[in-house]
Amino acid sequence: MESTPSDIRVEDIPDIVKGLRSYFDTGATLPYEWRKRQLEGLSKVLKLHMDEWIAALHEDLGSHLYEAKMLILSSLSDIQHTMGKFKSWMKPKSISNPWILYPGGTELVPEPYGVVCDFIPFNYPINMGIDTMIPIIAAGNACVLKPSSNTPACARLYQTLIPRYMDNNAIKVICGPTSICTSILECRFDFIFYTGSPSVAKSVMTAAARYLTPVLLELGGKSPVFVDKELHLEKCVKRLISGKMFNGGQTCVAPDYCLVHSSIFDEFVQKVQSVVQAFYGDVSQFNDNMTHIINKRHYDRLCNVIDTSGGNVVVMGHRDPERLYIGPTIIVNPSLESELMTEEIFGPVLPIISVENREAAIEFIRAREKPLALYILSSDSATADLFTKRTSSGAILVNDVVFHVSSQDTPFGGVGNSGMGQYHGKFGFKSLSHMKPVMTHSTFFDFESRYPPYTQDKMDFASKFV
C-alpha cells in the first residue's frame, strides 16, 4: 500500500461533483434500503478493519491503543443508533392546516439536499469523518469526503475502504493538500459540512455564499470551566484532567481555561498537580498515554504559547520536537493579553485563573466569544442555573467535561463564533434534510369569504379565524 494517499487532480474535481449530481438525480439514494446498505457498509469499514484504523491513528497522531479503540467503538455505536431509528425519521410527519386551507392536511416530508461536501479535521480523523457521514447518508445525500492532509494514514484508509464497502457512485473521497480545498469549494454543492477553525470557516461561508449554499459549521474556541467553591474536588479534577489531556488536548470541546473561585484556588491548583502526577507520573519524561501534536507548526506554536504566557508554570510537560510530544502543562494566572488566553489552545496546556466569585466568572465569559462548551464544576444547583441563564454557549455540562458529545439524543453544535447548525442522532438527520411541507386543500367546500368582492360581512367572518 502507498505511504501517502493518491491525490485527485484539481482538474478532475468538477467532473467528480458533476457525476455525483447526475447519480443523485436518478433517485438512487432516496430509498430506505439504499441508505441502510450504506450505513452497513460504513460499519464494515470500521469493524472489519479496526486494527488498520488503530494503526493509522497511531501513525498520524501517536494515539494510544486505548483512546484509538474507544473512539472507533464510539463511531460504531453512533452508526447502530442511527440504523435503529432513521426509518422512522424518514416518515412524513402530519400537522394541521391553517383555517384558510381547511379541509385538508399537511405533511412535513424530509428530502435530501443533494450533493454534500464534508471536510474532515485532523484532530479526530475517524470520528469526525464517520460521524458526519452518518447523517449525510441517512438523509439520502450524495457526498464528497475530504480527509485532512495532516492525517495521511487515515486518509489512505478512507480512499481504499469507502469504495470497497459503499456506493462509489454516490460517495467520493478526495485526497490532496489543503490547497485543493479551494478548488473543491469552487464547485456548486447543495450543502457544506465543515469542521475546523473559525478562521477557515469564514472562507467556507464566503464560497458557500456564491451559490447560497447552506452550511453546518462545527468550530471550536475557548471553552471555559468555572470551578465553584463547593464541589467534589477529587472527582471533578480527575474528570477535568482526563478530558483536557485526551487526544493531546486537540479536541474542539476541550476545557480551554479554568476560572476558579478564589476561596479554593490554592487547594484546586494543588489537587490538579497531584492528579496530573497520578495520571502521567513524572511529566518531565515522555509518556505514551499522551497523543502527540499533529505537526511541527502546531508544536512550535504551543511551545511559544507556553513560553510567552506570562504566568507561573506549575507543571512543565516534557517537550520532544522529534516526536512532536508535549506533556501535560499547567499555568497559573497567565497574562490575559497573551496568546494563551486570546487564542484557542488546542493542546495539553491548561491555564488556571483566580476569580472572586461566580458573577466575576460570568462577566469574564460574556466579554469573550461564545464558546462551543461551558463546564461548571459545582455541587450547588443554583450555580448551574445562573450560568445557564446568563451565558451563551453551544452546550453546558455540569461536573464533567468533553463527554457530552457522546450523546446521540442531544444536539451538538456551536453558537456564534463556535459554529452554526447541530447534528448527532435525529438532529443530524434533520440538519441534512430539507423539511418540505406538502399541503393539500380539499375541494369539498370553500370559504367564500376569501374571494372578492370584499364586504363587511366577509371581513367579520374572516376576522373570527385570523
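Given labels modelled 7 Å from the Cα in the Cβ direction, how far is it in nm from residue 323 to residue 50?
2.6 nm
Quick one: of the DSSP bridges fully inside the chain, what percent are antiparallel, nearest 5?
Roughly 35 percent of the beta bridges in the chain run antiparallel, per DSSP.
Say the dipole of segment 223-413 comes from +1 at the beta carbon of Lys and Arg and -1 at that of Asp and Glu; which of 386, 309, 252 then lies farthest toward its positive end?
In segment 223-413, that residue is 252.
For residue 173, what residues show an amide H to amide H distance below 5 Å, using hydrogens built from the backbone and excluding near sequence neighbours?
When sequence neighbours closer than 5 places are left aside, the close amide H contacts are 145.
Suppose every K and R has +1 on its Cβ and every D and E has -1 on its Cβ; what is the size of the dipole of the chain about the Cα centre, in Debye to the nearest 20?
So the magnitude is around 1080 debye.
Please get the size of the charge dipole for segment 11-165, origin at its Cα centre, with Cβ charges of +1 on Lys and Arg and -1 on Asp and Glu, quoted in debye to the nearest 20.
540 debye
Among 147-155, 130-138, 32-40, what's the highest-first ranking by average C-beta atoms within 10 angstrom per residue?
Answer by packing, highest mean first, reads 130-138, 147-155, 32-40.
To the nearest 500 deg cm²/dmol, what mean residue ellipticity at 222 nm is calculated for the chain from DSSP H runs of n ≥ 4 alone, each contributing -39,500 (n - 2.57), summed and divided by the residues?
The per-residue figure over the chain is -12000 deg cm²/dmol.
Karplus couplings for segment 132-143 from phi (6.51 cos²θ - 1.76 cosθ + 1.60, θ = phi - 60°), rounded to Hz, Gly and Pro as x?
7, 5, 3, x, 4, 6, 4, 7, x, 8, 8, 8
Taking the Kirkwood radius as the inverse of the mean 1/r across Cα pairs, report the Rg/Rh of segment 223-413.
Here the Rg-to-Rh quotient is 0.94.
About the Cα centre, and with charges only on the beta carbon of Lys, Arg (+1) and Asp, Glu (-1), how big is the dipole of segment 130-226? Nearest 20 debye, please.
Dipole of segment 130-226, to the nearest 20 debye: 180 debye.
I'd like the Karplus ³J(HN,Hα) series for segment 237-247: coefficients 6.51, -1.76, 1.60, θ = phi - 60°, whole numbers in Hz, and an x wherever there's a Gly or Pro.
5, 4, 5, 4, 5, 5, x, 5, 8, 4, 6
Can you list residues from other chains, or at least 5 along the same chain, whose modelled amide H is less than 5 Å from the amide H of residue 97?
106
Equivalent ellipsoid semi-axes for the chain, as square roots of 5 times the alpha carbon gyration tensor eigenvalues: give them largest first, rounded to whole Å.
43, 31, 19
What are the ³J(HN,Hα) couplings of segment 264-273, residue after residue, when phi is run through the Karplus curve with 6.51, -1.76, 1.60 and θ = phi - 60°? Round to Hz, x for glycine and proline.
Each residue of segment 264-273 in turn: 10, 4, 5, 5, 5, 4, 4, 5, 4, 4 Hz.
Which one, 327, 270, 108, projects farthest toward the positive side of the charge dipole computed for the chain from Cβ point charges (K/R +1, D/E -1)?
108
May I ask you to list the residues of segment 344-367 whose amide nitrogen lies under 16 Å from a point 7 Å from Cα along the Cα→beta-carbon direction of residue 389?
358-360, 362-363
No value in this document is a laboratory result; all are computed from the given coordinates. Treat the numbers as computed from the prediction; the structure is a model and nothing was measured. Glycine gets a Cβ as well: all are built from the backbone with ideal geometry, and neighbour counts include every protein chain shown.
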